[in-house]
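Accompanying notes for the structure given below.
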Amino acid sequence: MFLGHAITIQQLFGQLLIGLINGSFYALLSLGLAVIFGMLNIVNFAHGALYMMGAFCAYFLLHEFGLNYWWALIVAPLMVGAFGALLERTLLARLRGLDPLYGLLLTFGLALVVQGLFQNFFGASGLPYAIPPQLSGARNLGFMFLPNYRAWVIGFSASICFATWFAIEKTRLGAYLRAATENPTIARAFGLNVPRMITLTYGFGVALAALAGVLAAPINQVRPGMGADIIAVVFAVVVIGGMGSILGSIITGFALGVVEGLTKVFYPEASNTVVFVIMAVVLLIRPAGLFGKVA
Amino acid sequence: MSVPSTVAPVAAPSRETRQFAVAFVVLLAAVAAAPFVAYPFFVMEALCFALFACAFNLLIGYVGLLSFGHAMFLGSASYVCAHAAKVWGLDPALAILAGVACSTVLGVVVGALSIRSQGIYFAMITVAFAQMVYFLCVEAPFTHGEDGIQGVPQGRAFGLLDLSQPALLYVFVAAIFLFGFLTVYRAVNSPFGEILKAIRENEPRAISLGYRVQRYKLAAFALSAALAGLAGATKAIVVQNASLTDVAFPMSGEVVLMTLLGGMGTLYGPVVGAIVVVSMQNYLAQYGQWVTVIQGAVFVACVLAFRRGIVGEIANALKWTSL
């Protein structure tokens with residue numbers, strides 16, 4: 001029934017690839033949201049704006065300071081992460097003990113400020129960011145051409161996601177983190193500096209968003225609106241995966257990117273809405289999300 | 001609290017009722033005087049947004065549900081009303097009703113799916129559904145995509161009132177606003193409203209008392225969606241167009257700002273907040289994106305230092321409880 005004749009194998013794999021790329025961004029962003037949510041119990045509405053800041057950071061590092069893509073990959077997340085930690089210390093920390101909805105409202109306000117400032121100075125149009133020379137070109141896999149940069153984005157973000165999961169679930173630091181999430185009071189009684197952990201966790205989640213921004217810069221143009229465009233989908237991804245599940249947010253992110261890509265092949269009209277339809281179905285069947293624990 | 005007497009043939013108005021009455025007279029006077037002070041079309045638009053904010057406040061203020069996607073109700077009703085008035089040639093009153101019907105149905109569907117979640121989950125789910133409605137509006141042929149529906153005829157309401165006359169249009173819009181405002185007042189100050197507040201304060205206890213809280217939440221959500229739709233549909237008649245702005249995400253954020261700034265959970269707060277925000281946009285329009293920056297800063301300031309909002313602070317200072 002689906003226009004069976006028009007789909008070539010190249011098209012199918014091409015969209016699958018785009019789906020995996022978008023899925024990498026969804027996974028990195030929803031992972032950051034999940035990490036922040038676990039520790040601070042707030043939804044970071046500024047996540048999209050910070051993702052955009054990551055991309056702009058890469059752009060400035062290249063054009064103002066001559067630092068190339070590989071430097072940006074390290075420096076941009078550090079800078080934006082430090083900015084996030086500062087926001088947490090100076091603003092978010094004041095909301096502790098209040099309804100978590102206030103955290104959502106505050107980060108939404110911050111997102112507006114950041115996005116408005118960038119739009120003031122850079123307009124709505126996009127700035128180009130070249131693919132690093134080491135990763136330009138493509139290789140022929142027989143059934144399709146695989147651009148090197150795209151392969152790198154998928155591989156690199158999957159590794160970062162896995163490393164984050166490993167660090168949180170399998171290391172001593174992660175155990176501290178989980179302890180502080182589970183019961184901050186007792187964790188403090190055992191001598192953990194919980195407020196500092198909260199600040200660093202927020203900074204880390206923000207750094208993941210900035211990293212996604214750097215990875216996205218050569219693929220999508222660097223635009224002030226790029227964060228606002230992606231945040232609703234990322235929220236849907238988090239709702240589908242279930243909050244608080246690290247692995248769940250990674251798997252859901254990649255999987256939904258692929259589903260979106262496949263929808264573009266088979267029923268392009270629905271490609272923008274398919275994630276939300278899936279969310280509605282998941283909410284009907286499993287209100288806590290696919291990987292979430294039922295409260 | 002005194003025990004209410006069982007026989008009260010002529011109940012003396014309580015202090016709350018008197019306070020509300022005083023404030024309502026002020027509101028009536030303001031609505032009557034406004035078109036002589038400010039540009040009438042601006043006032044009419046502000047009244048539509050005020051009604052929109054009142055509808056939103058019904059959820060956040062009295063049920064404790066933060067909807068971050070209320071633009072879907074405003075925008076969809078606005079499109080349906082504009083389409084009904086322009087293409088089907090319906091009477092403007094009927095076109096508005098069609099818009100309200102659309103947003104109510106949407107409210108029931110979205111509400112049924114989202115009220116099972118609470119707090120931030122609820123907020124995120126409403127964001128996502130609103131984005132879905134936005135994409136549907138971008139792609140549906142009858143909305144005309146980026147162009148929107150232009151040149152909506154104002155027509156004759158009930159076949160009589162010629163709404164292309166600004167004075168009549170103003171009376172029509174003011175009547176709709178007051179109707180919506182009093183609907184919220186009535187809903188909040190009714191047994192239904194008491195149960196909503198009980199759910200906000202302590203949902204498990206409301207459940208243990210035997211209330212089917214999901215039904216109450218759904219009813220509140222649908223009522224809020226209907227009133228938001230009423231605001232959107234009326235706005236389509238006033239400004240004679242329906243566009244993607246009304247259904248896009250920034251609009252959902254703006255109504256949150258209006259309510260937060262005016263005072264969540266106060267009856268008059270959303271009205272005051274809407275007027276402040278709309279005026280701010282109007283007078284700062286020349287500064288472009290600085291409006292967004294200022295709105296964000298106001299958000300941050302409200303959350304950090306000013307959580308009661310304008311009307312909440314005034315009510316607190318006067319020790320009035322029912323503003």
Tell me which residues, restricted to the stretch A:66-91, are small (Gly, Ala, Ser) and either within 14 Å of A:ALA212 (Cα to Cα) or at pLDDT 90 or above (or both).
A:ALA72, A:ALA76, A:GLY81, A:ALA82, A:GLY84, A:ALA85
Tabulated pairs, the stretch B:133-145, first without any contact (Cβ under 8 Å) to a residue 60 or more places away in the chain, second of a type outside the set (A, V, I, L, M), C-beta under 6 angstrom, 6+ apart or interchain:
B:PHE135/A:ASN272; B:PHE135/A:THR273
The residue that is farthest from A:LEU92 (Cα to Cα), considering only those in the stretch B:277-315 that are surrounded by 19 or more Cβ atoms within 10 Å (Cβ to Cβ) and in contact (Cβ under 8 Å) with a residue 60 or more places away in the chain, is B:VAL278
Can you name the number of the only condition in (1) over 28 Å from A:VAL281 (Cβ atoms); (2) out of contact with any Ser or Thr (no Cβ under 8 Å at 6 or more places or on another chain) that A:LEU215 fails?
(2)
Sort through B:VAL105, B:VAL80, B:VAL87 and tell me the only one that's away from chain A (no Cβ under 14 Å), surrounded by fewer than 22 Cβ atoms within 10 Å (Cβ to Cβ) and under 30 Å from A:VAL282 (Cβ atoms).
B:VAL105
Can you tell me which of B:LEU168, B:LEU244, B:LEU218, B:LEU161 is of a type outside the set (Asp, Glu) and modelled with pLDDT of 95 or more?
B:LEU218
Within the stretch A:189-229, restricting attention to residues that are assigned to a loop (DSSP other than H, G, I, E, B) and among the polar types (S, T, N, Q), which residue is farthest from the chain's Cα centre (by Cα)?
A:ASN193
Residues to consider are A:THR252, A:THR273; find the one that is surrounded by 24 or more Cβ atoms within 10 Å (Cβ to Cβ) and within 14 Å of another protein chain (Cβ to nearest Cβ).
A:THR252
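Does B:ASP162 satisfy being in contact with a strand residue (DSSP E or B) (Cβ under 9 Å, 6 or more places away or on another chain), over 21 Å from B:GLY61 (Cβ atoms) and either away from every other protein chain (no Cβ under 12 Å) or among the basic types (Lys, Arg) (or both)?
yes
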Can you confirm whether the stretch A:140-148 contains a residue that is assigned to a helix (DSSP H, G or I) and modelled with pLDDT of 85 or more?
yes
Can you pull out the residues in the stretch B:289-318 that are more than 7 Å from chain A (Cβ to nearest Cβ) and within 26 Å of A:SER125 (Cα to Cα)?
B:VAL291, B:ILE294
Picking from B:GLU146, B:GLU201, which residue would you name as being within 27 Å of B:PHE56 (Cα to Cα), touching a helix residue (DSSP H, G or I) at 6+ places or on another chain (Cβ under 9 Å) and acidic (Asp, Glu)?
B:GLU146
Does the stretch A:220-242 include one or more residues that are away from chain B (no Cβ under 14 Å), surrounded by fewer than 17 Cβ atoms within 10 Å (Cβ to Cβ) and either in contact (Cβ under 8 Å) with a residue 60 or more places away in the chain or over 29 Å from B:ILE115 (Cα atoms) (or both)?
yes
With respect to A:LEU284, determine if the residue is crowded, with 21+ Cβ neighbours inside 10 Å and within 14 Å of another protein chain (Cβ to nearest Cβ).
no
Return the residues of the stretch A:255-270 that are within 14 Å of chain B (Cβ to nearest Cβ) and assigned to a helix (DSSP H, G or I); say none if nothing qualifies.
A:LEU256, A:GLU260, A:THR263, A:LYS264, A:PRO268, A:GLU269, A:ALA270
Among B:ILE176, B:ILE199, which is the only one that is more than 22 Å from B:LEU74 (Cα to Cα) and part of a helix (DSSP H, G or I)?
B:ILE199
Being more than 14 Å from chain B (Cβ to nearest Cβ) and either outside any helix (DSSP H, G or I) or acidic (Asp, Glu) (or both): is that true of A:ALA163 here?
no
Matching option when the condition is exposed (fewer than 15 other Cβ atoms within 10 Å of the Cβ), out of contact with any Gly (no Cβ under 9 Å at 6 or more places or on another chain) and not hydroxyl-bearing (Ser, Thr, Tyr), among B:LEU169, B:LEU182:
B:LEU182
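So that you can scan it fast, the table gives a plain yes or no per residue for (1) within 14 Å of another protein chain (Cβ to nearest Cβ); (2) surrounded by 22 or more Cβ atoms within 10 Å (Cβ to Cβ); (3) at pLDDT below 90; (4) farther than 15 Å from A:ARG223 by Cα:
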position	(1), (2), (3), (4)
A:ALA55	no, yes, no, no
A:TYR59	no, no, no, no
A:GLU64	no, no, yes, yes
A:ALA93	yes, no, yes, yes
A:THR107	yes, yes, no, yes
A:ALA111	yes, yes, no, no
A:PHE121	yes, no, yes, no
A:PRO128	no, no, yes, no
A:GLY137	no, no, yes, yes
Any chance the stretch A:260-267 includes a residue that's surrounded by fewer than 21 Cβ atoms within 10 Å (Cβ to Cβ) and either touching a His at 6+ places or on another chain (Cβ under 7 Å) or among the acidic types (Asp, Glu) (or both)?
no
Enumeration of residues in the stretch B:115-138 that are buried (at least 24 other Cβ atoms within 10 Å of the Cβ), farther than 25 Å from A:PRO268 by Cβ and at the interface with chain A (Cβ under 7 Å from one of its Cβ atoms):
B:ALA123, B:MET124, B:ILE125
Mind listing whichever residues of the stretch B:264-276 are buried (at least 24 other Cβ atoms within 10 Å of the Cβ) and within 14 Å of chain A (Cβ to nearest Cβ)?
B:MET264, B:GLY273
Before we move on, is B:ALA225 more than 14 Å from chain A (Cβ to nearest Cβ) and touching a Cys at 6+ places or on another chain (Cβ under 9 Å)?
no
Return the only residue of A:TRP152, A:TRP71 being over 17 Å from the mean Cα position of the chain (by Cα), more than 29 Å from A:THR185 (Cα to Cα), part of a helix (DSSP H, G or I) and of a type in the set (Phe, Trp, Tyr).
A:TRP71
Determine the pairs where a residue that is over 13 Å from B:ALA98 (Cα atoms), located within the stretch B:209-234, has a partner that is charged (D, E, K, R) and part of a helix (DSSP H, G or I) with Cβ atoms under 7 Å apart, the partner being 6 or more residues away or on another chain.
B:VAL213/B:GLU203
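The values are calculated or read from the model by the stated rules, or taken from the named source; none is laboratory data. Every value quoted in this text rests on a predicted model; they were computed, and no experiment measured them. Neighbour counts run over all protein chains shown; Cβ positions are idealised from the backbone, glycine included.
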